[in-house]
Amino acid sequence: MLRDLMVSKVRVKLLQTFLSQPKEMFYVRQLVRSVGEEINAVRRELARMEKAGMVKKESRGNRLYYWFDQDYLFWDDLLSLVAKTTGLGAQLIKGKNRLGRIKFAMISGRLVRNLPPHEGGVDLLIVGEVLMPELASLVREEEKRLGREINYTAMSREEFAFRKKRRDPFLMGILSGSRVMIIGDEEALVSGQTENL
């Protein structure tokens with residue numbers, strides 16, 4: 001199964017394209033432009049990905065459309081990997097030192113799946129000593145790229161521990177949703193343990 005995942009740079013680029021916009025369907029020439037590779041290489045990879053059960057295809061008019069199959073066994077794992085290596089996740093990791101001393105950074109599963117946020121929902125939670133102007137700048141850039149607002153909140157370790165201990169409804173709402181951990185350990189984030197924050 002692992003050999004199905006990372007066999008070529010074309011496959012990696014296709015995975016990034018499909019999974020950074022998981023609700024989208026793409027026609028072949030659109031994928032060629034997106035990944036910047038030769039059409040025959042893209043077609044070959046799409047055929048292999050279809051055989052492996054990763055993508056599905058459908059003809060519409062004179063175009064053949066492809067999309068990533070969300071029933072694929074490693075869908076969630078690949079979505080998480082792509083969220084960490086592209087877009088906001090990659091920018092958080094790359095800019096970690098400039099953002100302050102970050103203990104946790106998580107992106108909501110809804111943002112990763114390119115779904116609209118729940119009313120009052122949070123797309124990004126950061127815990128630590130955060131330099132807010134740097135974070136705001138990074139978020140603005142990603143908002144421009146995505147064409148949508150990103151709801152985010154930052155908390156100090158102390159505030160996070162206090163709210164978690166008191167089972168604050170706002171924080172519990174964030175922690176009860178699906179998420180992709182970008183920085184830090186998920187078990188430490190959600191467990192009842194607040195000592196090591």
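The values are calculated or read from the model by the stated rules, or taken from the named source; none is laboratory data. Fair warning: this is a prediction, and the values are worked out from it, not measured in the lab. Cβ atoms come from the backbone with ideal geometry, glycine included; neighbour counts cover every protein chain shown.
Quickly run through the stretch 13-28 and pick out the residues that are out of contact with any Lys or Arg (no Cβ under 8 Å at 6 or more places or on another chain) and among the charged types (D, E, K, R). Before you say what the answer is, go through the steps one by one.
Filtering the stretch 13-28 down to residues out of contact with any Lys or Arg (no Cβ under 8 Å at 6 or more places or on another chain) leaves 13-21, 24-26.
Passing the criteria: 13, 24.
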(message) Can you tell me which condition residue 31 does not meet? The list is (1) surrounded by fewer than 17 Cβ atoms within 10 Å (Cβ to Cβ); (2) touching a Phe, Trp or Tyr at 6+ places or on another chain (Cβ under 8 Å), and all the others hold.
(response) (1)
(message) What are the pairs with Cβ atoms under 6 angstrom where one residue, in the stretch 36-50, is in contact (Cβ under 8 Å) with a residue 24 or more places away in the chain and crowded, with 17+ Cβ neighbours inside 10 Å and the other, located anywhere, is of a type in the set (Phe, Trp, Tyr) and not in a loop (DSSP other than H, G, I, E, B)? Sequence gap at least six, or different chains.
(response) 46/66
(request) Would you check if residue 102 is loosely packed, with under 15 Cβ neighbours inside 10 Å, closer than 24 Å to residue 175 by Cα and touching a helix residue (DSSP H, G or I) at 6+ places or on another chain (Cβ under 9 Å)? (result) no
(request) Might you let me know whether the stretch 156-176 holds any residue that is assigned to a strand (DSSP E or B) and among the hydrophobic types (A, V, I, L, M, F, W, C)? (result) no
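Just a yes or no: is a residue in the stretch 15-22 within 30 Å of residue 188 (Cβ to Cβ), crowded, with 17+ Cβ neighbours inside 10 Å and free of Cβ contacts under 8 Å to residues at least 40 places away in the same chain? Please lay out each step first, then the result.
Of the residues in the stretch 15-22, the ones within 30 Å of residue 188 (Cβ to Cβ) are 15-16, 19-20, 22.
Pick out the ones that are also crowded, with 17+ Cβ neighbours inside 10 Å and you get 15-16, 19-20, 22.
Checking which are free of Cβ contacts under 8 Å to residues at least 40 places away in the same chain leaves us with none.
For the stretch 15-22, residues within 30 Å of residue 188 (Cβ to Cβ), crowded, with 17+ Cβ neighbours inside 10 Å and free of Cβ contacts under 8 Å to residues at least 40 places away in the same chain: absent.
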(request) Keeping to the stretch 98-136, report how many residues are within 19 Å of the chain's Cα centre (by Cα) and under 29 Å from residue 24 (Cβ atoms). (result) 22
(request) Return yes or no: is residue 128 touching a residue at least 12 places away in the same chain (Cβ under 8 Å), crowded, with 16+ Cβ neighbours inside 10 Å, over 28 Å from residue 75 (Cα atoms) and of a type outside the set (A, V, I, L, M, F, W, C)? (result) yes
(message) Scan the stretch 88-97 and tell me whether some residue there is closer than 19 Å to residue 24 by Cα and in contact (Cβ under 8 Å) with a residue 12 or more places away in the chain.
(response) yes
(message) Taking the criterion of being within 11 Å of residue 106 (Cβ to Cβ), under 15 Å from the mean Cα position of the chain (by Cα) and either modelled with pLDDT of 95 or more or surrounded by 16 or more Cβ atoms within 10 Å (Cβ to Cβ) (or both), would at least one residue in the stretch 144-164 satisfy it?
(response) yes
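Do we have residue 35 as under 30 Å from residue 150 (Cα atoms) and among the aliphatic types (A, V, I, L, M) here?
Numbers: under 30 Å from residue 150 (Cα atoms): yes; among the aliphatic types (A, V, I, L, M): yes.
So residue 35 passes the test.
Going through 113, 101, 60 one at a time, which residue ends up being among the basic types (Lys, Arg) and touching a strand residue (DSSP E or B) at 6+ places or on another chain (Cβ under 7 Å)?
Numbers: 113 fails: touching a strand residue (DSSP E or B) at 6+ places or on another chain (Cβ under 7 Å); 60 fails: touching a strand residue (DSSP E or B) at 6+ places or on another chain (Cβ under 7 Å).
Result: 101 is the single residue among 113, 101, 60 that is among the basic types (Lys, Arg) and touching a strand residue (DSSP E or B) at 6+ places or on another chain (Cβ under 7 Å).
For the stretch 107-125, which positions are of a type in the set (A, V, I, L, M) and more than 17 Å from residue 182 (Cβ to Cβ)?
Step one: list which residues in the stretch 107-125 are of a type in the set (A, V, I, L, M), which gives 107, 111-112, 115, 122, 124-125.
Within the stretch 107-125, 115 is the sole residue that qualifies.
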(request) Name the single residue, out of those in the stretch 59-70 being of a type outside the set (S, T, N, Q) and modelled with pLDDT under 95, that is farthest from the chain's Cα centre (by Cα). (result) 61
